[in-house]
Amino acid sequence: MPLAVQIQRPGGIEEMQLLELPVGEPGPGQIRIRHQAIGLNYIDVYQRTGLYNLPMPLTLGMEGSGIVEAVGEGVTHLKAGDRAAYASNPPGSYSQVRVMPAQAVCKLPDAISFETGAAMMLKGLTAQYLLRRTLPVEGLQPGDHVLWHAAAGGVGLIACQWAKALGYQLIATAGSDEKCRLALANGAAHAINYRSEDFAARVKEITEGRGVKVVYDSVGKDTWEKSLECLRPFGLMASFGNASGPVPPFAPAILAPKCLYVTRATLFAHIATRERCQAMADDLFQMVGSGQVQIHIDQRFPLAEVQAAHRALEARQTTGSTILLP
């Protein structure tokens, strides 16, 4: 039987076990896919630890690529033998073979490898909906400053390149000088080591006191308050992750002096329809296929070493994208 990584209860990395699990035939609206590569994302940690509460037992993983083995009734955009990639609910990509909903699975262009496909779908589609769809009320124009936290991670390095292609001045933050150099090499206009510098003070200096139109923040608790300081009037605080812990409750009145906007953005709301998911994926494929965005796979782990992969991710020892190989 195929292997999959499953947890019986929320907890630490020791809860992840490699098990033999049966895989059946796809039902209506489903496909069966044999993975060639699997993406690792911080949302996997949230689900493993129970921050995001899901039914147990749970096979982890939100992203993968592979070959379609079979399609269920009603699936018309895929067929057996197709190369495919996805970021999709429900979890289950930490597996050699799975049956899953077809709605968010997209044909993978021949020019894009399976490893790149697995490394880019969740992260690339996240960068796409943030930079293309999660915009301040006054919009973004070439030359505008945006602040992006954790810019040396998988989403961040894609965003640095994409923002440059759109003409934005992306101010990156990262936790080391090495990671700052990586963000700059990928198109960030400025980089701030938040461990050695006050990023809010540096943002004010870079923008000559005006602040940024939007902050894209996957860090959460540790960067929340200073991020609000970085925004100009009518700016947007776009929270899309909680790597340092969830943002604590706050009084809306703190937004009043600058009439700030706040959103808690999620990818899965954006890819909830087949048409929108495909349009976003087409945009991502075009950016990667044209070379304007390159996907950096800086870590590879066998699926059997998933505990080591999670340990490295949580310790912030990774850069770019990380994949698991089944």
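Inside segment 61-76, can you point out the residues that are in a loop (DSSP other than H, G, I, E, B) and surrounded by 15 or more Cβ atoms within 10 Å (Cβ to Cβ)?
Looking only at segment 61-76, we keep the residues that are in a loop (DSSP other than H, G, I, E, B), and these are 61-62, 72-76.
Of everything in segment 61-76, those that are in a loop (DSSP other than H, G, I, E, B) and surrounded by 15 or more Cβ atoms within 10 Å (Cβ to Cβ) turn out to be 61, 62, 72, 75.
Considering each of 113, 88 in turn, give the residue that is within 21 Å of residue 322 (Cβ to Cβ), within 15 Å of the chain's Cα centre (by Cα) and not aromatic (Phe, Trp, Tyr).
Numbers: 113 fails: within 15 Å of the chain's Cα centre (by Cα).
Answer to the check: 88.
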Quiz prompt | Subset of segment 284-326 [small (Gly, Ala, Ser) and part of a loop (DSSP other than H, G, I, E, B)] | solution = 290, 291, 315
Quiz item: So which residues in segment 20-59 are part of a strand (DSSP E or B) and loosely packed, with under 14 Cβ neighbours inside 10 Å, if there are any at all?
Solution: 20
Self-check item: Odd one out for residue 253, checked against (1) touching a residue at least 24 places away in the same chain (Cβ under 8 Å); (2) farther than 18 Å from residue 124 by Cβ; (3) among the hydrophobic types (A, V, I, L, M, F, W, C)
Solution: (1)
Exercise. Within segment 40-50, count every residue that is in contact with a Pro (Cβ under 7 Å, 6 or more places away or on another chain) and not charged (D, E, K, R).
Key: 3
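Go through segment 162-183 and count every residue that is part of a helix (DSSP H, G or I) and in contact with a helix residue (DSSP H, G or I) (Cβ under 8 Å, 6 or more places away or on another chain). It would help to see each step written out before you state the result.
Of all residues in segment 162-183, those part of a helix (DSSP H, G or I) come to 162-166, 177-183.
With the extra rule that they be in contact with a helix residue (DSSP H, G or I) (Cβ under 8 Å, 6 or more places away or on another chain), the set shrinks to 162-163, 165-166, 182-183.
Qualifying residue count for the region: 6.
Do the conditions hold for residue 6, that is, is it closer than 15 Å to residue 324 by Cβ and within 22 Å of the chain's Cα centre (by Cα)? Don't jump to the end; show me each part of the working.
Working: closer than 15 Å to residue 324 by Cβ: yes; within 22 Å of the chain's Cα centre (by Cα): yes.
Against the criterion (closer than 15 Å to residue 324 by Cβ and within 22 Å of the chain's Cα centre (by Cα)), residue 6 qualifies.
Sort out for me the strands (runs of 3 or more DSSP E) sitting completely within segment 194-282 that have 3 or more residues that are modelled with pLDDT of 95 or more and among the hydrophobic types (A, V, I, L, M, F, W, C). I'd like the intermediate steps shown before the answer.
Numbers: elements: 212-217, 231-239, 261-264.
Hits in segment 194-282: 212-217, 231-239.
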Quiz item: Restricting attention to segment 125-132, does a residue exist that is in contact with a helix residue (DSSP H, G or I) (Cβ under 6 Å, 6 or more places away or on another chain), closer than 30 Å to residue 30 by Cα, outside any helix (DSSP H, G or I) and outside the structural domain of residue 159 (by TED's automatic domain parsing)?
Solution: no
Quiz item: Quick one: in segment 41-64, which of the residues that are more than 12 Å from the chain's Cα centre (by Cα) and polar (S, T, N, Q) is modelled with the lowest pLDDT?
Solution: 53
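Considering 293, 306, which residue is buried (at least 21 other Cβ atoms within 10 Å of the Cβ), assigned by TED's automatic domain parsing to the domain that holds residue 115 and touching a helix residue (DSSP H, G or I) at 6+ places or on another chain (Cβ under 6 Å)?
Numbers: 306 fails: touching a helix residue (DSSP H, G or I) at 6+ places or on another chain (Cβ under 6 Å).
On inspection, the qualifying residue turns out to be 293.
The values are calculated or read from the model by the stated rules, or taken from the named source; none is laboratory data. A quick note: this is a predicted structure, and the numbers were derived from the prediction, not measured. Using ideal geometry, Cβ is built from the backbone for each residue, glycine included, and neighbour counts are taken over all protein chains shown.
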